[in-house]
Amino acid sequence: MHLSWGPEEVAFREELCAFLDEHVPPEFERGYDYAGEGEGEDGTDIVPEWARQWQATLFDHGWMIPGYPPELGGRNCTLVQTLVYLEELASRRVIRSFHYPGYGIVAPSLLEFGNEEQKNLVPAAVRGDTIWCIGMSEPNAGSDLAGLQTRAVLDGDRFIVNGQKVWTSYASVAQKCFVYVRTDPDVPKHKGISLLIVDMDTPGIEVRPLRHLSRSAGFAEVFFTDVEVPVENLVGGLNDGWRITQGSLAHERAGLWVEGVCRLDATVQSLIGVAERCGRSRDAGVRRDIATFYEQASSLRALGHKGFSSFAQGSSAPEHSYMKMATSEIGKAASEYGMELQGAYGAVMDPERGEESGRWVNYFFLSFANTIAGGSSEIQRNIIAQRVLGLPRS
Amino acid sequence: MNFGLTDEQVMLRDTARALLAKECPPILVREHVDDPTVALPLWSQLKDFAALGDGPCTDLCLFVEETGYAAAPGPFFATTALFAPLLAAIDHELLSAVLAGDTTGTVAVAGADGHWMLNDELVKTFVPEADRVDWIAVVDASARVRVVPSADVSTRQTRTVDFSRRFFEVDTAAVAGAPAIELDPAAFANLTARAMAALAAEMVGTSRRLFDMALAYAKERIQFDVPIGSFQAIQHRLAECSLAVERATAAAQYAAMTLDANDDERFRAVHVAKAAAGNAATRSAKDSIQIHGGIGYTWEHDLHLYLRRAIGSEYWLGTTSWHHDRLADLLMPI
Ligand SMILES: Cc1cc2nc3c(=O)[nH]c(=O)nc-3n(C[C@H](O)[C@H](O)[C@H](O)COP(=O)(O)OP(=O)(O)OC[C@H]3O[C@@H](n4cnc5c(N)ncnc54)[C@H](O)[C@@H]3O)c2cc1C
């Protein structure tokens, strides 16, 4: 056990910092805590042009996914270097991309399960030239994802897809979608699911934007009516989709803890600022509460690193199962506390009262995205209880 | 930062685990309630590890996590986590005998308020194992240290909820004129931090014991024809409890690493560690009793031995709230 990084990591960080100092777009100075919300109502501005350019710049310099080879936007870094990279970005509150499905879910899934032709889609997904969305959830299949009903019937050299997805983030701007479909309705539900790559401009697809709790555009409903998908767009084997969902969810969780922890740290730091501005930083109760949030955030950071150390040594890292649930739940409590610190003004959302007004209400709203999407906190607790602690299924 | 254990550390932890499972079973902790001498054979085993008192904090913490798991009674913690580091800091001649396990000691700092902070009071409180160790190091208001035979001071036990750790009020008036050695106040701050980090690690062990007992019971106890651990209310309680234990484990190890590196973060990290450990200890104590139902409420069941150790430790060297308040002072200086 030791604290400091080795000389290789230090040199790596220096190189990264030099790149960031030169290239980070000024727009980040405004502070981006969350991507995936536009200002308009149709969702077309979710991924601004400057952010697309930034992602392409990262890719071209080998800084998009440092662990990947250069042709995929990386530089063949070690796991530890990747961690250094994620921490440095997060500490600057700079995000790589405004649309995570492509680089975060599609790319690793295609590299693991796709055929050679499908793997050719990876560079554009990572560079952000193609925007992807993920069609998993349906009106009747949320936490119980395996209950999905969107049907795909094989007809010669194509599938015919009918059904509906919902809460599909980025659907309004995406060119392609990872659609999970039912290809065999007569077997147990986990065994009849397949994954298709679908072009969003295929006839028969209709996207209806849905606004988030905050009123801003975010996700969408996606309807499929007799949509024809070439058979070569099947990823993995027929009826092998469930295995891929497990893979993509794992990819989603693996690196996310760093961002979760850094966002939580930043929230706690901001709480100190709010307490000072609201004249409450000498209030003993406030001080204790803020220190408690700090304790939670920094012990979670340590837990993430501990898990990472076993992961990097090739062991399993049950620690990471806790991270999503814990950072999202504590983040929610901390953002609610930011409102509470403002007393009667906690619920004010009035742009005429300055840029800060309503900021904490927005954080609070956004915090629910983290406790619901990608496996709700309740589902995370089930997973911890059953897979980490080995308790019997109910 | 690397949390990976070296091969030597894995061996140290495994040795400690096996030794304590064998030499410190629940029956010993139970017998210690009425007869503290039953801990003597345990010390004769543990003394082989007294050298940890002057090694890396990370190694000491790995070891005391296991003594906490076993709620081990006796002078090990006082000697290795308090006394030896203090002797090392003042370059005292007794150190080698202590590290060899040939003699034992404890440290007296707190005054009437029970806080481990420099003060000019002669009656010291919450001095662990003061009647059964050979030496007591008394620290005065200017961080001067007097190392005296324990027989030279009068002690009176302060009984607490925890039978496995014995505290004493020590009247040091009789030794106020003994020769004193100066300790740099900054060194005192580091020693205090080290003691708190070690206690946090010990509490992580106790928390894990309580959690393990609850988890095992949840898997074996049948109600409504199924193991109670299949009920979601129990599953979610255990998931949250294990999070508290895991978080505290990482925080305590991190604090030990910052101490070994003499890193600027170390004081914050120690407050975080003791607070996280306090949260884990009290939470696992409560959850464990609740999950055991009626059997957990009995004197005959061993659970309360560890519950008592957990609660007793929460109140020693600063409660969770006290550590939060000190942490706030570092985060938001007035
Ligand atoms: C901001 C945001 C973005 C999203 N983006 C996408 C996307 O891009 N693509 C996509 O496919 N989906 C997306 N989702 C959908 C998300 O994955 C689902 O909302 C999530 O899986 C929960 O499903 P549900 O909404 O149907 O809730 P339900 O599954 O109906 O859950 C309702 C409540 O019941 C609880 N519950 C359900 N099952 C259990 C159980 N077994 N034990 C205990 N409690 C249980 C849940 O925790 C929750 O509190 C997004 C959601 C949000 C909020």
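The values are calculated or read from the model by the stated rules, or taken from the named source; none is laboratory data. These numbers were taken from a predicted model, which means no experiment stands behind them. All Cβ positions, even for glycine, are placed from backbone atoms using ideal geometry, and neighbour counts span all protein chains on display.
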Checklist outcome for this item: Among helices (runs of 4 or more DSSP H) completely within the range B:1-104, the ones holding 2 or more residues that are closer than 24 Å to B:Ala277 by Cβ are B:7-23, B:26-31, B:40-46, B:57-69, B:84-89
Checklist entry - Do we find a residue being more than 30 Å from B:Leu305 (Cβ to Cβ), of a type in the set (Val, Ile, Thr) and touching a strand residue (DSSP E or B) at 6+ places or on another chain (Cβ under 8 Å) anywhere in the range B:131-139? => result yes
Checklist outcome for this item: Among (1) more than 7 Å from chain A (Cβ to nearest Cβ); (2) of a type in the set (Asp, Glu); (3) free of Cβ contacts under 8 Å to residues at least 60 places away in the same chain, B:Asp260 falls short only on (3)
Checklist entry - Would you say A:Glu206 is within 13 Å of the ligand (Cβ to nearest atom), part of a strand (DSSP E or B) and of a type in the set (Asp, Glu)? => result no
Next on the checklist: Considering only residues that are β-branched (Val, Ile, Thr) and surrounded by 15 or more Cβ atoms within 10 Å (Cβ to Cβ), which ones fall in the range B:149-180?
Outcome noted: B:Val153, B:Thr155, B:Thr160, B:Val170, B:Thr172, B:Val175
Item to check | Filter result for B:Gly318 (over 15 Å from the mean Cα position of the chain (by Cα) and at positive phi) | outcome: no
Item to check | Selection from the range A:359-394 of residues that are in a loop (DSSP other than H, G, I, E, B), more than 8 Å from the ligand (Cβ to nearest atom) and not aliphatic (A, V, I, L, M) | outcome: A:Gly390, A:Pro392, A:Arg393, A:Ser394
Item to check | Scan of the range A:174-194 for residues that are among the aliphatic types (A, V, I, L, M) and within 12 Å of the ligand (Cβ to nearest atom), ordered by number | outcome: A:Ala174, A:Val179
Item to check | Selection status of A:Ala297, part of a helix (DSSP H, G or I), at the interface with chain B (Cβ under 10 Å from one of its Cβ atoms), within 27 Å of the chain's Cα centre (by Cα) and free of Cβ contacts under 8 Å to residues at least 24 places away in the same chain | outcome: no
Checklist entry - In the range A:300-358, which residues are part of a loop (DSSP other than H, G, I, E, B) and of a type in the set (Gly, Ala, Ser)? => result A:Gly314, A:Ser315, A:Ser316, A:Ala317, A:Gly354, A:Ser357, A:Gly358
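Yes/no matrix, rows are residues, columns are (1) surrounded by fewer than 19 Cβ atoms within 10 Å (Cβ to Cβ); (2) over 25 Å from B:Met257 (Cα atoms); (3) free of Cβ contacts under 8 Å to residues at least 12 places away in the same chain:
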residue: B:Lys22; (1), (2), (3): yes, yes, yes
residue: B:Val29; (1), (2), (3): no, yes, no
residue: B:Asp34; (1), (2), (3): yes, yes, yes
residue: B:Leu42; (1), (2), (3): no, yes, no
residue: B:Asp48; (1), (2), (3): yes, no, no
residue: B:Ala88; (1), (2), (3): yes, no, no
residue: B:Leu95; (1), (2), (3): no, no, no
residue: B:Leu99; (1), (2), (3): no, no, no
Next on the checklist: Tell me yes or no: at least one residue of the range B:289-306 is more than 24 Å from A:Ala291 (Cα to Cα), within 17 Å of the chain's Cα centre (by Cα) and more than 9 Å from every other protein chain (Cβ to nearest Cβ).
Outcome noted: yes
Item to check | Candidate set: the range B:221-247, residues that are aliphatic (A, V, I, L, M) and more than 7 Å from every other protein chain (Cβ to nearest Cβ); chosen: the one nearest to the ligand (Cβ to nearest atom) | outcome: B:Ala233
Checklist entry - How many residues does the range A:215-228 contain that are within 22 Å of A:Val47 (Cβ to Cβ) and either near the ligand (Cβ under 10 Å from one of its atoms) or of a type in the set (D, E, K, R) (or both)? => result 6
Checklist entry - Being near the ligand (Cβ under 7 Å from one of its atoms) and modelled with pLDDT of 95 or more, is that true of even one residue in the range A:160-167? => result yes
Checklist entry - How many residues are in contact with a helix residue (DSSP H, G or I) (Cβ under 7 Å, 6 or more places away or on another chain), over 12 Å from A:Gly390 (Cβ atoms) and outside any helix (DSSP H, G or I) when one looks only at the range B:217-241? => result 1
Checklist entry - How many of the residues making up the range B:263-273 are out of contact with any helix residue (DSSP H, G or I) (no Cβ under 7 Å at 6 or more places or on another chain) and either buried (at least 24 other Cβ atoms within 10 Å of the Cβ) or facing chain A (nearest Cβ under 7 Å) (or both)? => result 1
Item to check | Pick from the range B:64-86, criterion of a type in the set (Gly, Ala, Ser) and touching a residue at least 40 places away in the same chain (Cβ under 8 Å), ranking: surrounded by the fewest Cβ atoms within 10 Å (Cβ to Cβ) | outcome: B:Ala78
Checklist entry - Which residues, taken from the range A:293-334, are more than 13 Å from A:Gly260 (Cα to Cα), crowded, with 24+ Cβ neighbours inside 10 Å and either among the β-branched types (Val, Ile, Thr) or in contact with a Gly (Cβ under 6 Å, 6 or more places away or on another chain) (or both)? => result A:Glu319
Next on the checklist: Can you say whether A:Ser315 is within 14 Å of chain B (Cβ to nearest Cβ), within 14 Å of the ligand (Cβ to nearest atom) and hydroxyl-bearing (Ser, Thr, Tyr), as far as the supplied structure shows?
Outcome noted: no
Checklist entry - Checking A:Ala291 against (1) at the interface with chain B (Cβ under 8 Å from one of its Cβ atoms); (2) in contact (Cβ under 8 Å) with a residue 24 or more places away in the chain, which single condition isn't satisfied? => result (2)
Checklist entry - Scanning the range A:111-133 for residues that are in contact (Cβ under 8 Å) with a residue 60 or more places away in the chain and surrounded by 23 or more Cβ atoms within 10 Å (Cβ to Cβ), which turns out farthest from the ligand (Cβ to nearest atom)? => result A:Val126
